Amino acid sequence: MILTQDCFDILIIVNINSKLIKAIVFLSILFWYGIFFSHKIDLSTADLGRHLKNGEIILNGTSSQKWSVLHTNFYSYTLPKQSFINHHWLSGVIFFLVYTWFGFTGLSILYVSLNLGAVTLFFDTARRSSNFWVSSFLLIILMPLITIRAEIRPEAFTYFLTAVLFWILFNVIQKNRYVKLFWILPFVILLWVNLHIGFIFGFLVLGAFGVKETIYFFQKKTNHLFKLLTISTACIFAALINPFFIKGLLYPFQILNNYGYLIVENQSIPFLENLNFTTGQHFVLFKLVILLIFVSFVWVAFRNLKKIDITLLILIILFGIISFLGIRNFPLFALFAIPVLAVNTNLIIPNSLKTQTRYNIYTFGVMIVMFCLIQSAINYNQIKSLLGLGLIPNIQAATEFYKDKKIQGPIFNNYDIGGYLIFNIYPEKVFVDNRPEAYGADFFKNTYIPMQESQKKWQQIDKTYQFNAIFFSHRDYTPWGQMFLVSKINDNNWAPVFVDNYNIIFLKRNERNSRTIKKYELSKDLFKVTKN
């Protein structure tokens with residue numbers, strides 16, 4: 001058959017329109033992701049304040065201060081000499097520089113950009129291995145799991161660098177593309193080990209590819225085993241280049257050894273379900289995705305066992321288990337689920353249907369956009385009050401009051417608010433902050449929790465430290481936190497002088513605080529105790 005010039009022109013127009021539609025669909029999906037990654041910063045319960053102070057001291061502090069920030073519990077007056085590995089020190093430096101140049105809005109944009117970069121790289125791997133429409137549909141389905149961690153944390157670097165490392169390995173080893181990028185992996189690890197403890201996931205990805213290449217080696221197929229071993233060895237040496245040397249490399253295996261405080265994000269799905277802590281956690285979606293992945297692998301195995309990608313199988317099993325045992329890892333699991341399901345779907349769909357799909361791009365495009373709008377509308381209604389860039393309005397009011405009234409410590413504060421105080425009132429030290437590994441299990445078990453549950457224990461600790469002020473997040477919903485707040489409202493030795501939607505400040509009734517209490521003491525009638 002001979003094609004006329006008109007036929008060529010029509011094919012070109014169709015191709016251009018197809019690419020344009022795909023670009024519009026993908027950018028629309030990415031835009032929706034950007035919205036759900038854009039959560040206003042609740043500085044009073046976030047770790048971000050401490051990271052910013054870390055960066056400031058590492059850049060501008062004395063040599064002694066820099067060393068202490070890296071190696072000790074520097075911000076606490078209770079356990080100042082406690083050994084600590086500040087594994088995310090470089091994240092603090094980057095956060096502080098962005099904050100200095102662009103403020104909190106700049107930090108929000110940085111966080112959104114890192115996450116969108118990770119999404120884009122995983123999507124690109126998926127659509128190259130399957131097709132655009134299947135990958136787009138998966139991207140939408142998995143949105144709630146991928147965007148569930150919207151607080152600005154160093155782990156955003158882990159999401160992005162996992163995507164970079166996986167994208168390079170997949171393209172070089174599986175597709176034999178971008179081979180020169182293979183040699184930047186040690187530099188990726190060098191950067192990663194100083195940004196976040198999640199660098200260990202990079203070695204899991206390297207190991208998963210290594211298993212497949214080892215199998216190919218013994219089957220005498222074309223493989224990259226020796227090249228991968230060389231790169232992996234270089235990555236191990238690169239990971240030793242951190243302020244803590246081998247301790248930094250091994251720290252991911254030790255960080256949970258002395259945790260004395262239960263963090264929701266570190267708990268397993270069964271544990272949280274037993275506590276009925278399921279609202280907004282998307283456990284049902286996680287289980288459905290697990291089921292879908294299982295069915296897809298069984299289906300592929302039934303049709304042709306040799307077609308199963310062992311690397312993707314290993315990775316999704318590993319990250320599925322890790323996510324099941326600690327829900328903070330949902331985003332990484334969902335990101336890997338995109339290429340896994342895309343590849344398996346491509347193997348399952350008959351060729352005839354694939355061909356037909358090419359002629360129904362408009363239908364698929366409309367379906368995906370409509371599904372995106374419906375799903376996003378449901379999620380939007382749940383979190384719309386949190387969406388936006390920069391700080392939550394008036395979140396700094398409590399520390400502004402504290403500094404304006406020249407209140408002084410020693411200060412007793414709860415766990416959640418530690419990073420907020422470190423950022424705002426340093427060089428004054430805090431009682432505790434949100435780093436369980438920096439205080440140890442004994443401190444939480446025998447001091448922090450009992451002193452909130454028992455008035456006798458409180459008086460004993462108060463006698464030791466001579467507290468002058470209590471700075472507390474009243475959104476602390478732990479049983480001991482709520483018990484403590486009720487006891488202090490009814491304690492005549494302490495006067496509430498400030499409260500807003502986030503925090504409450506009490507001052508001890510003494511000569512030093514008498515003027516402030518006289519002017520700002522709040523009536524107990526303002527406070528209401530409710531029973532669930």
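Residues that are within 23 Å of L292 (Cα to Cα), at least 2 per element: which helices (runs of 4 or more DSSP H) completely within region 125-201 meet that? Give the steps one after another, and end with the answer.
Working: elements: 132-141, 143-146, 155-169, 185-195.
It comes to 132-141, 143-146, 155-169.
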- Message: Among the residues in region 55-63, are any among the hydrophobic types (A, V, I, L, M, F, W, C) and not in a helix (DSSP H, G or I)?
- Response: no
- Query: Out of (1) in contact with a His (Cβ under 8 Å, 6 or more places away or on another chain); (2) surrounded by 16 or more Cβ atoms within 10 Å (Cβ to Cβ); (3) modelled with pLDDT under 90, what's the single condition that is false for H39?
  - Reply: (1)
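Per-residue answers, yes or no, for (1) within 21 Å of V69 (Cβ to Cβ); (2) under 25 Å from the mean Cα position of the chain (by Cα); (3) open to solvent by 30 Å² or more (accessible area, probe 1.4 Å); (4) of a type outside the set (A, V, I, L, M):
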site: R177; (1), (2), (3), (4): no, no, yes, yes
site: K212; (1), (2), (3), (4): no, no, no, yes
site: F217; (1), (2), (3), (4): no, no, yes, yes
site: A238; (1), (2), (3), (4): no, yes, no, no
site: P243; (1), (2), (3), (4): yes, yes, yes, yes
site: G248; (1), (2), (3), (4): yes, yes, no, yes
site: N257; (1), (2), (3), (4): no, yes, yes, yes
- Item | Complete set of residues in region 153-175 that are of a type in the set (V, I, T) and open to solvent by less than 10 Å² (accessible area, probe 1.4 Å) | T158, T162, I168, V172
- Message: For I517, only one of the following conditions fails: (1) of a type in the set (V, I, T); (2) open to solvent by 10 Å² or more (accessible area, probe 1.4 Å); (3) more than 27 Å from the chain's Cα centre (by Cα); (4) within 23 Å of T78 (Cα to Cα). What is its number?
- Response: (4)
- Would region 289-298 turn up any residue that is under 21 Å from G202 (Cβ atoms), buried (at least 17 other Cβ atoms within 10 Å of the Cβ) and not small (G, A, S)? no
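So that you can scan it fast, the table gives a plain yes or no per residue for (1) under 20 Å from G49 (Cβ atoms); (2) aliphatic (A, V, I, L, M); (3) touching a residue at least 60 places away in the same chain (Cβ under 8 Å):
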| site | (1), (2), (3) |
| --- | --- |
| T78 | yes, no, yes |
| H87 | yes, no, yes |
| F102 | yes, no, no |
| S108 | yes, no, yes |
| S113 | no, no, no |
| I140 | no, yes, yes |
- Query: Restricting to region 180-200, what's the tally of residues that are farther than 22 Å from I152 by Cβ, among the aliphatic types (A, V, I, L, M) and open to solvent by less than 10 Å² (accessible area, probe 1.4 Å)?
  - Reply: 2
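Is it true that some residue in region 79-86 is open to solvent by 10 Å² or more (accessible area, probe 1.4 Å), within 16 Å of the chain's Cα centre (by Cα) and within 21 Å of R328 (Cα to Cα)? Don't jump to the end; show me each part of the working.
Residues of region 79-86 that are open to solvent by 10 Å² or more (accessible area, probe 1.4 Å), as a first pass: 79-83, 85.
Next, only the ones that are within 16 Å of the chain's Cα centre (by Cα) stay: none.
Looking for residues that are open to solvent by 10 Å² or more (accessible area, probe 1.4 Å), within 16 Å of the chain's Cα centre (by Cα) and within 21 Å of R328 (Cα to Cα), one finds none in region 79-86, hence no.
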- Note on the structure: Among residues of region 457-498 being open to solvent by 60 Å² or more (accessible area, probe 1.4 Å) and under 22 Å from Q396 (Cα atoms), the residue modelled with the highest pLDDT is R475
- Only residues in region 281-304 that are in contact (Cβ under 8 Å) with a residue 60 or more places away in the chain count as the first member; pair them with residues that are surrounded by fewer than 17 Cβ atoms within 10 Å (Cβ to Cβ) and assigned to a helix (DSSP H, G or I), Cβ under 8 angstrom, at least 6 apart or cross-chain, and list the lot. Q281/L272
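The values are calculated or read from the model by the stated rules, or taken from the named source; none is laboratory data. Keep in mind that this is a model prediction, so the values were computed, not measured. FYI the Cβ positions are ideal-geometry reconstructions off the backbone, even for glycines, and counts take in every protein chain you see. Areas reflect the complete protein model, heavy atoms only, side chains present, ligands, DNA and RNA absent. Shrake-Rupley method; radii C 1.70, N 1.55, O 1.52, S 1.80 Å.
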